[in-house]
Amino acid sequence: MKELLEIIAKALVDYPEHVSVKETDRGNEILLELSVADDDMGKVIGKHGRIARAIRAIMKAQAIKENKRIIVEIVQ
């Protein structure tokens with residue numbers, strides 16, 4: 001799951017070398033914390049949060065296949 005989020009984020013940003021994802025497994029729940037460069041925050045969030053919602057929807061679809069619950073947080 002971590003790899004999928006990294007691939008998506010790196011495709012969106014100008015500075016892919018600053019993309020990092022921290023994964024925390026809590027049993028049936030997975031927490032993914034996405035960190036990008038300050039200049040790229042807007043590109044990952046999008047207008048009115050549309051890109052962030054789309055990323056979360058993709059990650060949720062992947063998590064359902066694995067019988068997991070996923071939380072994606074975008075942090076600075």
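The values are calculated or read from the model by the stated rules, or taken from the named source; none is laboratory data. Predicted model, so just to flag it, every value in this text is computed and none were measured. Glycine also receives a Cβ, built like all others from the backbone with ideal geometry; neighbour counts cover every protein chain displayed.
Filtered by the rule that a residue be more than 11 Å from M1 (Cα to Cα) and in contact with a helix residue (DSSP H, G or I) (Cβ under 7 Å, 6 or more places away or on another chain), segment 41-75 gives K43, V44, I45, G46, I51, A52, I55, R69, I74. Looking across V21, V44, V36, one residue alone is modelled with pLDDT of 95 or more and in contact with an Asp or Glu (Cβ under 6 Å, 6 or more places away or on another chain). It is V21. Filtered by the rule that a residue be in a helix (DSSP H, G or I), touching a helix residue (DSSP H, G or I) at 6+ places or on another chain (Cβ under 7 Å) and not small (G, A, S), segment 1-17 gives L4, L5, I8, K10, L12, P16. Hey, V21 hits all of (1) aliphatic (A, V, I, L, M); (2) without any contact (Cβ under 8 Å) to a residue 40 or more places away in the chain; (3) part of a helix (DSSP H, G or I) but one; which does it fall short on? Of everything listed in (1) aliphatic (A, V, I, L, M); (2) without any contact (Cβ under 8 Å) to a residue 40 or more places away in the chain; (3) part of a helix (DSSP H, G or I), V21 misses just condition (3). Only residues that are among the acidic types (D, E), more than 12 Å from the chain's Cα centre (by Cα) and not in a helix (DSSP H, G or I) were counted in segment 24-47, giving 2.
Each row is one residue, and each column tells you yes or no for (1) without any contact (Cβ under 8 Å) to a residue 24 or more places away in the chain; (2) of a type outside the set (D, E, K, R).
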| site | (1), (2) |
| --- | --- |
| L34 | no, yes |
| A37 | no, yes |
| M41 | no, yes |
| V44 | no, yes |
| H48 | yes, yes |
| I58 | no, yes |
| E66 | no, no |
| R69 | no, no |
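A single entry from R56, R50 fulfils the requirement of being part of a helix (DSSP H, G or I), at pLDDT 95 or above and within 12 Å of the chain's Cα centre (by Cα): R56.
Scan segment 62-70 and tell me whether some residue there is within 20 Å of P16 (Cα to Cα) and not in a loop (DSSP other than H, G, I, E, B). Full working, then the answer.
Residues of segment 62-70 that are within 20 Å of P16 (Cα to Cα), as a first pass: none.
No: segment 62-70 contains no residue that is within 20 Å of P16 (Cα to Cα) and not in a loop (DSSP other than H, G, I, E, B).
Residue count for segment 5-18 under the criterion of being touching a residue at least 12 places away in the same chain (Cβ under 8 Å) and loosely packed, with under 15 Cβ neighbours inside 10 Å: the result is 2.
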